[in-house]
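Chemist: There's a structure below that I have some questions on.
The values are calculated or read from the model by the stated rules, or taken from the named source; none is laboratory data. Because the structure is predicted, anything quoted here is derived from the model rather than measured. All Cβ positions, glycine included, derive from the backbone under ideal geometry; neighbour counts span all protein chains shown.
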Amino acid sequence: MSGTVVVDRHRGVLQLTLARPHKRNALTGAMYETLTDALSSVDRDETVGAILINGSGGAFSAGHDVADFIESAERFASNPAFRFIKALAACETPIVAAVEGAAVGVGTTMCLHCDLVYAAPTAEFRMPFVDLGLVPEAASSLLVPQRFGLGKASEWLLLAESFGAEEAHAQGLVNRIVMADELIAFARRQTERLAAKPRAALRATRRLMRLDTARLAAHMDAEAEAFVQALRSPEAQAAIADFKNRRRSK
């Protein structure tokens, strides 16, 4: 275990388990660093053919740990969260996500960069950036309209409406709904299937299927700059303060 991410390599699979269940696996800077290091080196690891990302304790991820994230957000070029999402988008190794419970903010947007997403019936997706006075990240302002249409993007990004596993499956974000007690094992088997395939052909096919990584990276940079500007606004400061107060009162 490194920080609060469990890193495991077995049978050609790099499994990254978010292991901060008391915070619904909200991601800290240290967790982002561990994830980024793993993703940045995996393409050169001949023992790994696919990646599985999952949460622990009945949740996938509640998104950024707000207090931890705000401290370094203005240094967006070196911010661990921004570095993670760029590493995720640049990774050439196939990625599978197993989503149970909360998938908030980056917990949803990282799924846009996964090749296969499996979800338990309890999965609940939400991208509440606008409600916090902020803007989307991980190129979600590009990928969500492109994949799901402007109407659905307006519901998910402008209204910040939450949506469950059934809608995520109907829209194509989720490949299959799997019962919670079978989810990790099923996702692991699917990841092992990917890992067992001819790697050069698998990665080449994946590259042909996806957007140019340079375009994604440029869009992420534009989002990050807009994010930092939004973060300085009075409405964002008020929304974040209210969010923190509500967390403390629970």
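Chemist: Return a yes/no flag: does region 131-149 have any residue that is of a type in the set (A, V, I, L, M, F, W, C) and part of a strand (DSSP E or B). Can you show your working first?
Modeler: Initial filter on region 131-149 (of a type in the set (A, V, I, L, M, F, W, C)): 132, 134-135, 138-139, 142-144, 148.
Checking which are part of a strand (DSSP E or B) leaves us with none.
For region 131-149, residues of a type in the set (A, V, I, L, M, F, W, C) and part of a strand (DSSP E or B): absent.
Chemist: Return the residues of region 138-163 that are among the acidic types (D, E) and either modelled with pLDDT under 95 or touching a Leu at 6+ places or on another chain (Cβ under 6 Å) (or both); say none if nothing qualifies. Spell out the reasoning first.
Modeler: Just the residues of region 138-163 that are among the acidic types (D, E), to begin with: 155, 161.
Scanning region 138-163 gives no hits.
Chemist: Continuing with the same structure: Would region 202-217 turn up any residue that is modelled with pLDDT of 90 or more, over 22 Å from G57 (Cβ atoms), polar (S, T, N, Q) and surrounded by 14 or more Cβ atoms within 10 Å (Cβ to Cβ)?
Modeler: No: region 202-217 contains no residue that is modelled with pLDDT of 90 or more, over 22 Å from G57 (Cβ atoms), polar (S, T, N, Q) and surrounded by 14 or more Cβ atoms within 10 Å (Cβ to Cβ).
Chemist: A follow-up question, please. Working only within region 102-116, note down all residues that are over 11 Å from the mean Cα position of the chain (by Cα), closer than 18 Å to A89 by Cα and not in a loop (DSSP other than H, G, I, E, B).
Modeler: Let us first name the residues in region 102-116 that are over 11 Å from the mean Cα position of the chain (by Cα), namely 102, 115-116.
Filter once more, keeping what is closer than 18 Å to A89 by Cα: 115-116.
Of everything in region 102-116, just one residue is over 11 Å from the mean Cα position of the chain (by Cα), closer than 18 Å to A89 by Cα and not in a loop (DSSP other than H, G, I, E, B), namely L116.
Chemist: Restricting attention to region 12-27, report how many residues are surrounded by 15 or more Cβ atoms within 10 Å (Cβ to Cβ) and more than 13 Å from the chain's Cα centre (by Cα).
Modeler: Selection size over region 12-27: 8.
Chemist: To continue, here is another question. Checking the condition among the aliphatic types (A, V, I, L, M), surrounded by 14 or more Cβ atoms within 10 Å (Cβ to Cβ), without any contact (Cβ under 8 Å) to a residue 24 or more places away in the chain and in a helix (DSSP H, G or I), which residue from A226, A153, A187 passes? Explain how you work it out, then say what you get.
Modeler: Working: A226 fails: without any contact (Cβ under 8 Å) to a residue 24 or more places away in the chain; A187 fails: without any contact (Cβ under 8 Å) to a residue 24 or more places away in the chain.
None of the other options fit; the residue is A153.
Chemist: Would it be correct to say that A160 is at positive phi and among the aliphatic types (A, V, I, L, M)?
Modeler: Values: at positive phi: yes; among the aliphatic types (A, V, I, L, M): yes.
Spelling it out, A160 is indeed at positive phi and among the aliphatic types (A, V, I, L, M).
Chemist: If a residue must be part of a helix (DSSP H, G or I) and more than 17 Å from A89 (Cα to Cα), how many such residues does region 16-54 contain?
Modeler: First pass over region 16-54, keeping only residues part of a helix (DSSP H, G or I): 21-23, 29-42.
The next check asks that each one be more than 17 Å from A89 (Cα to Cα); those that pass are 21-23, 29-31.
Total meeting the criteria: 6.
Chemist: Give just the number: which of (1) over 23 Å from R24 (Cβ atoms); (2) buried (at least 16 other Cβ atoms within 10 Å of the Cβ); (3) over 16 Å from the mean Cα position of the chain (by Cα) does L143 not satisfy?
Modeler: For L143, the exception is condition (3).
Chemist: Tell me, which residue of region 156-170 that is of a type in the set (A, V, I, L, M) and not in a helix (DSSP H, G or I) is nearest to V106 (Cα to Cα)? Break it down stepwise before answering.
Modeler: Start the filter on region 156-170 by keeping residues that are of a type in the set (A, V, I, L, M), which leaves 157-160, 165, 168, 170.
Next cut, not in a helix (DSSP H, G or I) only: 159-160.
Details: L159: 17, A160: 13 Å.
That would be A160.
Chemist: Taking A26, is it out of contact with any Ser or Thr (no Cβ under 9 Å at 6 or more places or on another chain), closer than 25 Å to V178 by Cβ and among the aliphatic types (A, V, I, L, M)?
Modeler: Details: out of contact with any Ser or Thr (no Cβ under 9 Å at 6 or more places or on another chain): no; closer than 25 Å to V178 by Cβ: yes; among the aliphatic types (A, V, I, L, M): yes.
Here the answer is no, as A26 does not meet what is asked.
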